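*Asks:* Take a look at this one; I'll ask things after.
The values are calculated or read from the model by the stated rules, or taken from the named source; none is laboratory data. All figures in this text were calculated on a predicted structure; none of them were measured in a lab. Every residue, glycine as well, gets a Cβ built from its backbone with ideal geometry; the counts of neighbours run over all protein chains shown. The area values use the complete protein model at the heavy-atom level, side chains included, leaving out ligands, DNA and RNA. Shrake-Rupley method; radii C 1.70, N 1.55, O 1.52, S 1.80 Å.
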Protein chains: 2
Amino acid sequence: MAVAVDSRVRDERKDNDAAALDYLAELVAEDLQAVNAVIVDRMQSSVALIPQLAGYIVAAGGKRLRPMLTLASARLCGYTGDHDKLLAAAVEFIHTATLLHDDVVDESGLRRGRASANAVFGNQASVLVGDFLFSRAFLLMVETGSLEVLRILSRASAVIAEGEVLQLQTTNNIETDEAAYLDVIRGKTAALFAAACQVSVVIAGRSADEAAALERYGMNLGIAFQLVDDLLDYSSLHRQFGKTIGDDFREGKMTLPVVLAYQRGNESERAFWRRVLQDGNQVDGDLDRAIAIMRRHRVHETAFDRAHGFVAAAKASLTGFDDSPIRQALLDVANFVVEREF
Amino acid sequence: MAVAVDSRVRDERKDNDAAALDYLAELVAEDLQAVNAVIVDRMQSSVALIPQLAGYIVAAGGKRLRPMLTLASARLCGYTGDHDKLLAAAVEFIHTATLLHDDVVDESGLRRGRASANAVFGNQASVLVGDFLFSRAFLLMVETGSLEVLRILSRASAVIAEGEVLQLQTTNNIETDEAAYLDVIRGKTAALFAAACQVSVVIAGRSADEAAALERYGMNLGIAFQLVDDLLDYSSLHRQFGKTIGDDFREGKMTLPVVLAYQRGNESERAFWRRVLQDGNQVDGDLDRAIAIMRRHRVHETAFDRAHGFVAAAKASLTGFDDSPIRQALLDVANFVVEREF
């Protein structure tokens, strides 16, 4: 767990975490380079601002976790063609478009530790370049010649938007429960993880059962990933690493740590949560007090238990596939998303 | 021309204009009802805010010109299936999504004479519901089973975004010339008109030449449509009809009337244009002064001549099709877009 772990253990685990992702990255390194080439090629436009802005956020990079899942799933299914690279790039374009639109949505000043694209280029350009990348993503899918791929990813895109709107509706709503929270992250995060894995089974021409299995893997992995993401936003250990925390708190997002803390809180604590999240009336020290209350109610432990449950489900969905280095890497990545501290 | 026409003539022409569009609407009335049913059906979501917000802007309706073009093009090509209704709905969804994102982009308070969706529901929801409708549009295309349709409309969507970004870059840039202005409207408006017509030829299984011809029809029609739209924003006659004018002026958009007036202006006039459009420093009476300057340089006449040129090109591209009521209606619609005063 990210909390209450002494630094020696933490450092060891950090190495393991890094190793888990590096191992997958290593296995698909060549393909990932090809994907990056596709990304740079397809974000070009005669309108200079587009590659400029798209490059700013795509170059920021992140972990390229979603494209890696598409490549790894293709490998797991014995796919040997090139369409998985196009789809991995399409998945990253869709992800990037949602980040750009999310910057507008959240008015967040930071994205991946840098000033967000809309803080630098403005909301208007961020929305439009997001639309551009979204459209180019569909052009990439068309190149695979698979209508099923287009069906899966256009449906996933609609579900992502639904999840984000649902998040808007639950923001500042102190009565939001765990079920509503899970609906939000299933949509805004897990749906794309699931589609990123599923489309590779489709182009590999494998069975519907195998497609469903990898969809389950991605869905459960995505839920666990977001659960931990939301938890780290209240992790004082995370802050020790020099990361910004408390974004969700400042925005009044009803993530699981808050949902649990409110449920378990006494009257004075509930009054606190209503003031800071429902009324959005926050003063210095409130974030620390929030974290202290969460500690007292062992919120992080419960949230990590939930995450481990989804990780177990993700791993279980791979039982039908023969053991192989790539299968092992997908199992390790599942462990990584709950053990990561970055 | 919208300017300097006495009210009697104007009223007569208004009747003709209405007749032109009504004739087309009459010919495709049944199909258009089916399209509206598809639109209402496919904007549904378990997330209540989505149909609520989408309904707000889709219900506002507008002229449904784009879906009518898709239906009429299908009819012109002798198509008898149902996929044209799905595509007409998809085209309207894409159009609606761009309006929602445009509301964010332009921070415009009014859309089709009502408070814009983002003024009522907020930027965040407008962006996300636009993404939702855009995704649902692609799901509708998938149902037609035509990858070519998906290729055409995803490419058009990318071009729309490029046109909108280009518009951002030319805004407040007093040196913008007519060529740059035409690039903007080709992208932000005409590309969807062109695709709306072209996809019907594809599902009808007609020749590439016929697809190119209807693409040309839509492209030229769209350019003429936007040219007149931009002109009407400086039409004092338009204001007499109780329409808001001067939106582009207030936003510093470099539309053709301004481009021409600046080119033809003397030094004091150019200083005026730099102050109001480049520096965005406007005071009461500036809009009337702008219109007066345009009148003096016969800007409206030139812009209408340009529009008539594109209308002629649109009509010429239909010569290869046998005469029929639907072909006549498409010719009349071309006249309508330059003669309309609403």
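*Asks:* Give me the extension gain from residue B:212 to residue B:239: residue separation times 0.36 nm, minus the current Cα-Cα distance, reported in nm with one decimal.
*Replies:* 5.9 nm
*Asks:* Just to check I understand the Karplus step: with θ = phi - 60° and J = 6.51 cos²θ - 1.76 cosθ + 1.60, what whole-Hz values come out for region B:126-133, glycine and proline as x?
*Replies:* Those phi angles translate into 4, 5, 5, 5, x, 4, 4, 5 Hz.
*Asks:* Calculate the mean, over all residues of peptide B:148-157, of how many other protein chain Cβ atoms lie within 10 angstrom of the residue's Cβ.
*Replies:* Values: counts 1, 1, 7, 5, 1, 4, 10, 5, 1, 7.
Per residue, the number of nearby Cβ atoms from other chains is 4 on average.
*Asks:* Next up: Can you give me the distance in nm between label points at residue A:82 and residue A:247, each placed 7 Å from the Cα along the Cα-to-Cβ direction?
*Replies:* Output for this residue pair reads 3.6 nm.
*Asks:* A further question on this structure: Of A:63/B:253; B:85/B:243; A:85/A:315; A:85/A:253; A:85/A:188; A:85/A:243, which ones are farther than 29 Å apart at the Cα? Working shown, then result.
*Replies:* Numbers: A:63/B:253 40 Å; B:85/B:243 32 Å; A:85/A:315 24 Å; A:85/A:253 35 Å; A:85/A:188 23 Å; A:85/A:243 32 Å.
From A:63/B:253; B:85/B:243; A:85/A:315; A:85/A:253; A:85/A:188; A:85/A:243, over 29 Å: A:63/B:253; B:85/B:243; A:85/A:253; A:85/A:243.
*Asks:* Using only the alpha-carbon atoms, what does region A:208-319 span along each of its principal axes? Please give whole angstrom values in decreasing order.
*Replies:* The Cα atoms of region A:208-319 stretch 52, 31, 22 Å along their principal axes.
*Asks:* Report, to the nearest whole %, how much of the accessible area of region A:7-339 belongs to carbon and sulfur atoms, 1.4 Å probe, protein only. Could the numbers behind the result be given before it?
*Replies:* Values: 5590 of 12030 Å².
Using a 1.4 Å probe with all protein chains present, region A:7-339 comes out at 46 percent carbon and sulfur.
*Asks:* Starting from a label point 7 Å past Cα on the Cβ side, list the distances from residue A:283 to the same position in the other copies, nm, shortest first.
*Replies:* Between copies, matching label points for residue A:283 lie 4.7 nm apart.
*Asks:* Seen from all sides and averaged, what is the projected area of the convex hull of the Cα atoms in chain B, in nm²? Walk me through the numbers on the way to the answer.
*Replies:* Details: hull surface 65.8 nm².
Over all viewing directions, chain B projects a mean Cα-hull area of 16.5 nm².
*Asks:* For chain A, what's the relative contact order in percent, using C-alpha pairs closer than 8 Å and at least 6 residues apart?
*Replies:* Details: 468 pairs, mean separation 73.8, N = 342.
With pairs under 8 Å counted, the relative contact order is 22 percent.
*Asks:* Here's a follow-up. Quick one: grab Rg to one decimal and Dmax as a whole number for the protein assembly as shown, Cα atoms only, in Å.
*Replies:* Looking at the protein assembly as shown, its Cα Rg and Dmax stand at 27.2, 89 Å.
*Asks:* Under a Cβ-Cβ cut-off of 15 Å, what is the net charge of the residues other than residue A:305 that fall near it, where Lys and Arg count +1 and Asp and Glu count -1? Before the final figure, lay out the partial values.
*Replies:* Details: positive: A:264, A:298, A:306; negative: A:178, A:230, A:301, A:339.
Surrounding charge for residue A:305 is -1.
*Asks:* 222 nm [θ] for chain A, helices only, -39500 (n - 2.57) per DSSP H run of 4+, per residue, to 500?
*Replies:* Working: 18 runs with 250 residues, N = 342.
My calculation for chain A gives -23500 deg cm²/dmol from helical runs alone.
*Asks:* Only counting protein heavy atoms at a 1.4 Å probe, give the residues of region A:48-95, ordered by number, whose accessible area falls by 20 Å² or more when the other protein chains are present relative to the chain alone.
*Replies:* Buried-area filter returns A:49, A:50.
*Asks:* Kindly compute the accessible surface that chains A and B hide from a 1.4 Å probe when together, both sides summed, and give it to the nearest 100 Å².
*Replies:* Numbers: alone 14140 and 14140 Å², together 24850 Å².
For chain A against chain B, roughly 3400 Å² becomes buried.
*Asks:* Going 7 Å from Cα along the Cα-Cβ axis for the label, what nanometre distances separate residue A:305 from the same residue across the other copies?
*Replies:* 8.1
*Asks:* Here's another thing I want to ask about it. Once phi is turned into θ = phi - 60°, what whole-Hz ³J(HN,Hα) does the Karplus curve with 6.51, -1.76 and 1.60 give for every residue of region A:74-86, x standing for Gly and Pro?
*Replies:* For region A:74-86, the Karplus-derived couplings read 4, 4, 4, 8, x, 6, 10, x, 10, 5, 5, 5, 4 Hz, x marking Gly and Pro.
*Asks:* Among A:87, A:282, A:158, whose Cα lies farthest out toward the positive end of the dipole of region A:7-339, if unit charges sit on the beta carbon of Lys, Arg (+1) and Asp, Glu (-1)?
*Replies:* A:282
*Asks:* Shifting gears a bit: With the crude spin-label approximation of a point 7 Å out along Cα→Cβ, what separation in nm comes out for residue B:295 versus residue A:298?
*Replies:* 8.1
*Asks:* Ordered shortest first, which distances in nm separate the 7 Å Cα→C-beta label point of residue A:320 from those of the other copies?
*Replies:* 4.9
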